[in-house]
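Each remark here refers to the structure printed beneath this line.
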Amino acid sequence: MVEEVPIPGDNAQGELKALAKNIQNSLKKSTLEKIKVGDWLIRARQLLASDNDFGDWCKNNFPGLNRHTRQNYMNLARTFGGDLFNTINLMSDTALYLLARPGTPQNIQNYFIKLAQEGETVRVKDIQDAKSYLSDVEERDEELYELVQSQSFGSVRTSSLDEHRGGTQQTRIESAKNGICVVAYPFDQDLLAWAEKADRLLLAPVGNIDDGAQKPFYNFWLYKNNPPSKRMVFDNYWRHGQSPAMALQKYQRALSEDTNEIKNYSENLGGYVLYASKVDKYWHAPALAKFINSSNRKTTCMQSEDTPFWMLETWGPEAESLDVLAEKLRANIETRADPEEIRRFLRLHSAMSLIAPRLRSYLY
């Protein structure tokens, strides 16, 4: 294939005339001929002083060959004119043009060329969807994009990200069901679908909503006496005018301050999913989730090691009627309005009903 470097010599006009004749004879023929045309066009551009001169030369010699088409031919020659020449008959011209277009990631090119070599039909839509997906990942999840770039497209394994993202999506769903605050990344569709259905999704966007002048969590007082809801937004206020790294450091320091009222509210955030549609490695939600779970850990351990709640003096004293106890229990559960907790309670109640006769025998 022709190298794209200026070619000195006194016979430029003669060579350009020969190139023009070759191109005219090969236009509107097979893909093989189009690659040859692309090579000749590249050679002609090397012999001309500027893009404008090249454009004028093309118009004079090939009036019907527009700029877009000749660029396609040149891209074909650059991409498929060498070792990949034997793959040109395995795909449509439109698919070849799309793969050869500048900016098409190498791993996408390699993926579809391999499919074609294995006898699979390569559809233009599949290539377009793959490029769109990768562009979306690049825009919304920097860490995932780096992973996709480093692996073969179509066989990306995100398990290497799971460890510091809190486990697989299913693992995080189970953790949330067990009262742990978890993080959902932009393409965690299963986790996001579960959180939406369970009404457990809280926003923790990358950007800030003001100029960074307000103190950390300044609007938290709006929610501290209410259950979490979608209106609760955990912003990173320090992104304005600061590097993401510095903003994250300030956010983490703010979480550890005694004046941070989230400490007293963190038990309400257990089992919720923190999410942003666009993230980077300085996203603050993982730090927030870690803080919430750390704050709740002592309570969790005490509950698991101490007396069961139904044996505490505040629950079911002998002087309290069953009606009063039932109302108290109902109010306690409904205060949290957690559908998952209610489902688990009802299931546990059914199990207790099955063992109640046997347990009763121990009283006699």
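What is the local net charge at residue 146, summed over the other residues whose Cβ is closer than 10 Å to its Cβ (Lys, Arg +1; Asp, Glu -1)?
Details: positive: 281; negative: 138, 141, 142, 143.
Cβ neighbours under 10 Å give a net charge of -3.
Extents of the stretch 68-199, largest first, come to 60, 28, 23 Å (Cα atoms, principal axes, whole angstrom). Estimated from the Cβ-Cβ distance and a Förster radius of 22 angstrom, the FRET efficiency linking residue 214 and residue 263 is about 0.70. Under 5 Å between amide hydrogens, built in the peptide plane, is the criterion, and for residue 183 it picks out 274 among residues at least 5 positions away or on other chains. Protection proxy ranking for 113-119, 354-360, using the average of other Cβ atoms within 10 Å per residue and placing the highest first: 113-119, 354-360.
In order along the stretch 249-259, the Karplus-derived 3J(HN,Hα) couplings, from 6.51 cos²θ - 1.76 cosθ + 1.60 at θ = phi - 60°, round to 4, 5, 5, 5, 5, 5, 5, 8, 6, 5, 7 Hz, and Gly and Pro are given as x. Give the shape of the stretch 167-305 as rounded, prolate or oblate, defined through the alpha-carbon gyration tensor: a ≥ b ≥ c are the square roots of its eigenvalues, a/c under 1.5 means rounded, and otherwise the shape is prolate if a/b is larger than b/c and oblate if not. It comes out oblate by the Cα gyration axes.
Give me 343, 140 ranked fewest to most by other Cβ atoms within 10 Å of their Cβ, as a rough exposure proxy. Spell out each step's value before the answer.
Details: 343 11, 140 18.
Ranked by crowding around the Cβ, least crowded first: 343, 140.
Taking amide H positions as modeled 1.01 Å from N, with prolines and chain starts lacking one, the residues under 5 Å from residue 278 and 5 or more places away or on another chain are 206.
Bear in mind these aren't lab numbers, they're just calculated from the coordinates by the rules spelled out. Since we're looking at a predicted model, the values are computed, not measured. All Cβ positions, glycine included, derive from the backbone under ideal geometry; neighbour counts span all protein chains shown.
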